[in-house]
Each structure stands twice: as C-alpha cells, then as structure tokens.
Amino acid sequence: MNENILNNEVQLYIIEHINADVNKIALSKSLFKNVSSAELAGQIAAKKKSVHKLPTWFNQQGIYYPVLLCIEQCSSEATAAYKANLAIGSSLIDLTAGFGVDSYFFSKKINEVYSCEINPELSEITAHNAKILGAGNINFIAEDGIEFLKNNPQKFDCIYIDPARRSHSNKVFKLKDCTPDVTEHLSLFLEKAQRIIIKTAPLLDISAGLSELQYVSEIHIVSVKNECKELLWVIDKNFIGETKIVCTTLNTTHKTFYFPLSDLQLTTEIATSAPFGYLYEPDVALLKSGAFNLIAKRFGLKKLHPQSQLYFSDDVKQEFLGRIFKINSLLTLNELKKEKNLIGNVIVRNFPEKSEQLVKKYKISSSHDDFIVFTQTNEGYLVLKAKIIQHY
C-alpha cells in the first residue's frame, strides 16, 4: 500500500481525471514523485468502477482502492446490505473478506466483526478504508480465515464465507469446485458458530448444493435488474425442518417471494384458451428457484405452456417479481408475415429461432415500450404484440 496515493494533491488528481483515458495515463509520465503512472491509472479505474456499485466508497474522500479485479469481484452495496440482515447474534467472522464490502455492512448489524483476508496488502487497504468510513468494530486479520478459525479458540454467532471458483470458467455447479471447499470444513464451521452464511455463484445447482450440505434452513436467490447475483445458503446448527427458498429482487423496489422446498412439487393446469389481458415474464430469481407451477398458483396466473415459463391474467399483479405486459394482439406466424413496419423489442421463449434472426427475418425495428413475443402454446407457435407496463 503506497500511502503517497492518499496525499491531497494525488487524491485531487484522481477525482479530476475520473473520466480520463486510464490507458493514456498509465503510459504517460507521472506528475508525482512517489506515485507511478500505473498506480494513478489503477486508482482511477477502480474508483470509477465503484460509482454505482459502491457509492459509499466512491463518495468518501481518502479511500484507497485495490486492483480493479477486486472491485469487479466484490459484492455490491445492495447485495451486501441484504446479506447483513441474515446475520444473527453479536459476533461474526468473515473468512474471505476481500475488499471488505460485506464485512463493512455486517459491522452495521453486528457488534463485533472479524475480517480475514489472506492477502496482507488487501487487508491493510480494507482496514484503512474501514477507519475512513467510521467502522471501528471490525478486527482485521491478515491470514487465511480457515486457519485462523482452526487455531483460535474463540467461537462466533455467525460465520460468513464466499468461496472462490477453482475453475477459470464461470460455470461452477458444485461447492466442491470452489476454494475453500466448504463441504470439507463444514464440521469446523458448525463447531465454531450457530449460523453459517455461504455465498456462491449464481450457476451453482441448488439440488447439488443441498446434497452436499447439512442443516440448510434457507436458500436466498438474489437478483438485480433480472441478473442473478448471488445464491446465499443459510445453515443453522442442528436445524430440523424444511428448507425455505427465498427469491429477492433488489431493484427500485425490493420484492420477495418465498416458499418451502416441498412446494416445488406442485402441479398446475396449462391454459387451453389463447392468452389475454396481461402477460407475465418472471424475474431470473423466480426462474432459478424452479417454482414454475407455484408462480401460477401464488399470483393467480394461467400458464401458457409447460416449457415457456410465461403466464397471463386478466388483471395486474404489481407484487409480481418480473415484467408485466399489456397484450395488444395475437398473431400466427403466417399472419405475422403479412405485417408491415413491425416495431418492438423481441422476446423469445420456447421458440426455435433466436431474437437476432427474427429481427432480421421480419424487419423489426426496436422500441422502448413495445414488445413482440415469440413463444409456444399447446396449440402451436404464437406471436404476441404487447406494451410493457412493469419493468424489473
């Protein structure tokens, strides 16, 4: 950590050049004796990346940024604040702290937080920033969190861990593909805490995770603007009961849909009539949960087709997690061929062609509010013209 970066004139330069070409800055001669051009470019790039993701850090003077990758991989403020509400008790240990965003938000809910980061420089950076942000109840430990837990007699009310992917691919479907392997250390965690919160990549298979873990009381599926950001596994020591699935969307308004795991077995009738009224497109958090039939039952919707995952109703359910469209007209593919000057954003659900192909094939112009939905019912392929009335 180069403390010269915190000098007032350097900080002012970073702020004034927040929208500058960082590559050009990196290749130019530095204006400061003890701060390299590469360091300036790195601070600017990381700070700019934080403007929406980490506004508390971005708007605070004197923040020191790590390499850009740390900012890209850390939790956003929205998801970190959500996780903080899952913590219990008065003490928590974050075993994989990274840039410390989760530790910071846990410190707002928990009296004493231990923040473990194996990279000494990154631990030093997060400790500095915590002081600047006024988080005085975080203890920073520059060592491997698992080893600290093994060698320290202290117990905690809560353990939080965000294991990294071992694979270079984003396609990680099992906990054993991550490091540290939480399945290997689960008995240690249960010995040391009453509650364990595990953050995993969105692609992790829920059924596989349940088979690898014990005492899972809740699974939280968190999305932002229809992008699944996190799977959160809540393990409560000696939990007996049925796992609850919680789907949450963190958009302009926060919405939640939850159910016991057994509700995934519900069946529902498929509509025999043509869709009418309003079309419902579930948020990715609902789709990840697999509760396709429960969605219809809970919101009083009719399901278009077993594989389409689209629904309709004659009224608007504003509590629905996802987009809602007013259906204006229905067309067969033959009828669509006769249409001129088609306008709308194309949505494809359970249809053999991709949206790009359909736009080109039917010469469809884009629109802000109008949509053309290509899908399938039990009667065959169908095209719906619709106008959006609720966004994600």
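Of Thr96, Thr56, which residue is of a type outside the set (Lys, Arg), within 29 Å of Cys247 (Cβ to Cβ), surrounded by fewer than 22 Cβ atoms within 10 Å (Cβ to Cβ) and assigned by TED's automatic domain parsing to the domain that holds Ile15?
None of the other options fit; the residue is Thr56.
Taking the conditions exactly as written (β-branched (Val, Ile, Thr), crowded, with 18+ Cβ neighbours inside 10 Å and modelled with pLDDT of 95 or more), does Ile372 satisfy them or not?
Judged against the criteria, Ile372 is a match.
Restricting to the stretch 192-203, name every residue that is surrounded by fewer than 22 Cβ atoms within 10 Å (Cβ to Cβ) and either among the small types (Gly, Ala, Ser) or over 17 Å from Leu95 (Cα atoms) (or both).
Ala201, Pro202, Leu203
Return the only residue of Glu353, Glu335, Glu379 being in contact (Cβ under 8 Å) with a residue 60 or more places away in the chain, more than 24 Å from Thr252 (Cα to Cα) and among the charged types (D, E, K, R).
After ruling out the rest, the residue left standing is Glu379.
Can you pull out every residue in the stretch 124-164 that is small (Gly, Ala, Ser) and either touching a residue at least 40 places away in the same chain (Cβ under 8 Å) or not in a helix (DSSP H, G or I) (or both)?
Residues satisfying the conditions are Gly134, Ala135, Gly136, Ala142, Gly145, Ala164.
Of the conditions (1) surrounded by 15 or more Cβ atoms within 10 Å (Cβ to Cβ); (2) in contact (Cβ under 8 Å) with a residue 40 or more places away in the chain; (3) in a loop (DSSP other than H, G, I, E, B), Phe106 satisfies every one except a single condition; which number is it?
(3)
Search the stretch 59-75 for residues being out of contact with any Ser or Thr (no Cβ under 7 Å at 6 or more places or on another chain), free of Cβ contacts under 8 Å to residues at least 40 places away in the same chain and not polar (S, T, N, Q), and hand back the single one that is surrounded by the most Cβ atoms within 10 Å (Cβ to Cβ).
The selected residue is Cys74.
Just name the residue that is surrounded by the most Cβ atoms within 10 Å (Cβ to Cβ) out of those in the stretch 207-246 that are farther than 16 Å from Arg195 by Cβ and among the small types (Gly, Ala, Ser).
Ser223
Test Tyr311 against the criterion of being of a type in the set (Phe, Trp, Tyr), crowded, with 18+ Cβ neighbours inside 10 Å and modelled with pLDDT of 95 or more, and give yes or no.
It is true that Tyr311 is of a type in the set (Phe, Trp, Tyr), crowded, with 18+ Cβ neighbours inside 10 Å and modelled with pLDDT of 95 or more.
Working only within the stretch 332-350, note down all residues that are crowded, with 17+ Cβ neighbours inside 10 Å and in contact with a helix residue (DSSP H, G or I) (Cβ under 8 Å, 6 or more places away or on another chain).
Leu336, Leu342, Val346, Ile347
Among the listed residues Thr200, Thr183, which satisfies the condition of being free of Cβ contacts under 8 Å to residues at least 60 places away in the same chain, in contact with an Asp or Glu (Cβ under 6 Å, 6 or more places away or on another chain) and on the phi < 0 side of the Ramachandran plot?
Thr183
Name the residues in the stretch 339-361 that are farther than 25 Å from Gly277 by Cβ and not polar (S, T, N, Q), would you?
Those that are farther than 25 Å from Gly277 by Cβ and not polar (S, T, N, Q): Lys340, Pro352, Glu353, Lys354, Glu356, Val359, Lys360, Lys361.
Look through Asp157, Asp144 and report the one residue that is among the acidic types (Asp, Glu) and under 18 Å from Ser107 (Cα atoms).
Just one listed residue meets the conditions, Asp157.
If you take the residues in the stretch 76-93 that are in contact with a helix residue (DSSP H, G or I) (Cβ under 6 Å, 6 or more places away or on another chain) and in a loop (DSSP other than H, G, I, E, B), which one is surrounded by the most Cβ atoms within 10 Å (Cβ to Cβ)?
Ala87
The values are calculated or read from the model by the stated rules, or taken from the named source; none is laboratory data. Nothing here was measured: the structure is a model prediction, and the numbers come from that model. Using ideal geometry, Cβ is built from the backbone for each residue, glycine included, and neighbour counts are taken over all protein chains shown.
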